[in-house]
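One structure is given here, and the rest of the page talks about it.
Just so it is clear, none of the values below were taken in a lab; they were calculated from the coordinates. Treat the numbers as computed from the prediction; the structure is a model and nothing was measured. FYI the Cβ positions are ideal-geometry reconstructions off the backbone, even for glycines, and counts take in every protein chain you see.
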């Protein structure tokens with residue numbers, strides 16, 4: 001019987017047909033599988049399956065229903081299931097218990113259209129009944145849709161002043177608008193991909209009765225093999241929240257992503273409202289920004305004179321290197337003069353030494369003056385640059401304020417479109 005069951009699954013997955021019954025195939029008292037196979041064969045042949053179905057359900061109603069629902073789904077004939085079978089096979093979902101492999105398989109089959117619109121509605125109602133949004137962390141759902149660390153967004157107005165883009169008062173609206181746009185793009189990707197596949201003539205879902213060989217996932221077949229006793233050990237089960245978050249990540253199955261997006265709709269709507277509100281925040285009238293390592297207060301009419309003067313004073317103080325008095329040059333000059341006097345009074349050879357010492361002292365004084373002048377030029381350049389940066393920062397703030405209107409309008413459009421994409425209801429899913 002197990003060999004026949006394995007052949008049955010292979011035929012169903014390949015072309016939706018049932019292999020001829022094996023010689024000597026007989027019932028096993030108390031075992032649900034033989035009458036379940038008879039019932040499946042009768043259904044596919046168009047005969048009445050009531051008698052073997054009653055025997056199988058009497059032995060194990062849940063496994064019988066799961067076997068029939070999955071077998072008909074992988075054969076591309078999921079529309080032949082009875083409405084009550086799906087409820088019996090699926091059982092109850094819970095936020096506190098892992099999702100069983102059978103539940104996940106039915107979930108996948110329904111998402112791919114194996115049971116028609118009614119199957120999708122069934123799964124959606126099961127998920128909606130749990131009110132996942134009341135027990136979820138919105139940030140987890142956003143991270144699933146648009147993974148990656150949130151980074152500072154430098155708007156065009158602050159390209160020349162990227163450090164200003166990190167100031168919380170300026171960073172928050174830009175980052176919120178950028179995140180909202182990315183969220184809208186990801187939701188649009190999910191819905192557009194699903195619509196494109198729905199409009200495609202390729203057998204991407206089971207609505208046209210395609211057998212399981214055209215499916216991207218093999219979990220229903222794996223569960224069927226486990227039911228008939230020919231599969232290996234089952235893998236670990238995951239929680240409901242983990243499945244939903246995985247289904248939303250980039251690269252996930254688009255059919256499952258559409259279901260998960262429906263569940264996440266209330267969460268994402270709240271996130272979109274918060275991001276839109278943040279993107280509308282008005283820039284502050286005055287702001288303190290770091291320029292050349294000094295904090296300058298900026299106002300609409302220009303940089304604050306007091307903070308600017310304090311920064312200039314600090315630049316002059318820090319930019320000039322304290323230099324000691326040129327005692328070495330003084331000693332050389334005094335010694336040189338003494339040598340010249342000695343040359344007049346005693347030995348003329350001292351004149352050459354005196355001239356050399358005085359010349360060396362003069363060179364040292366000239367070098368010292370040159371360095372002092374270079375320090376002054378450096379400080380002057382720093383002060384000029386500080387003033388230019390302060391003026392430029394004021395104009396950048398004006399440009400940022402002008403951008404805020406366009407940013408708020410775009411964020412409102414993104415929020416509206418996002419709300420439309422995630423609208424609730426069976427038709428949307």
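Structure above, values below:
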quantity: Shape of the chain, Cα gyration tensor, a/c cut at 1.5; calculated: prolate
quantity: Which of 59, 172, 179, 112 has the fewest Cβ neighbours within 10 Å, and the rest in rising order; calculated: 172, 59, 179, 112
quantity: Crossing angle, helix 101-111 versus the chain [Cα axis fit, 0-90 degrees, rounded to tens]; calculated: 90
quantity: Gyration tensor verdict on the range 33-96 (Cα atoms; rounded if a/c is under 1.5, prolate if a/b is larger than b/c, oblate otherwise); calculated: oblate
quantity: Extension gain from residue 406 to residue 366, taking 0.36 nm per residue of separation minus the Cα-Cα distance; calculated: 8.4 nm
quantity: Sorted by Cβ density within 10 Å, fewest first, the residues 371, 357; calculated: 371, 357
quantity: Nearest-ten-degree value, helix 168-199 long axis tilted from longest Cα axis of the chain; calculated: 30
quantity: Using alpha-carbon coordinates, inclination of helix 349-421 to the longest axis of the chain, degrees; calculated: 30
quantity: Largest-first principal axis extents, alpha carbons of the range 287-404, Å; calculated: 87, 18, 17
quantity: Relative exposure of 2, 398, 262, 297, judged by other C-beta atoms within 10 Å (fewest first); calculated: 2, 398, 297, 262
quantity: Within a Gaussian network of the chain (alpha carbon springs, distance under 10 Å), most fluctuating of 394, 28, 383; calculated: 28
quantity: Length gained when the stretch residue 128-residue 242 is fully extended (0.36 nm per residue, less Cα-Cα span); calculated: 39.4 nm
quantity: Value of [θ]222 nm, deg cm²/dmol, for the chain, DSSP H segments ≥ 4, -39500 (n - 2.57) each, nearest 500; calculated: -22000 deg cm²/dmol
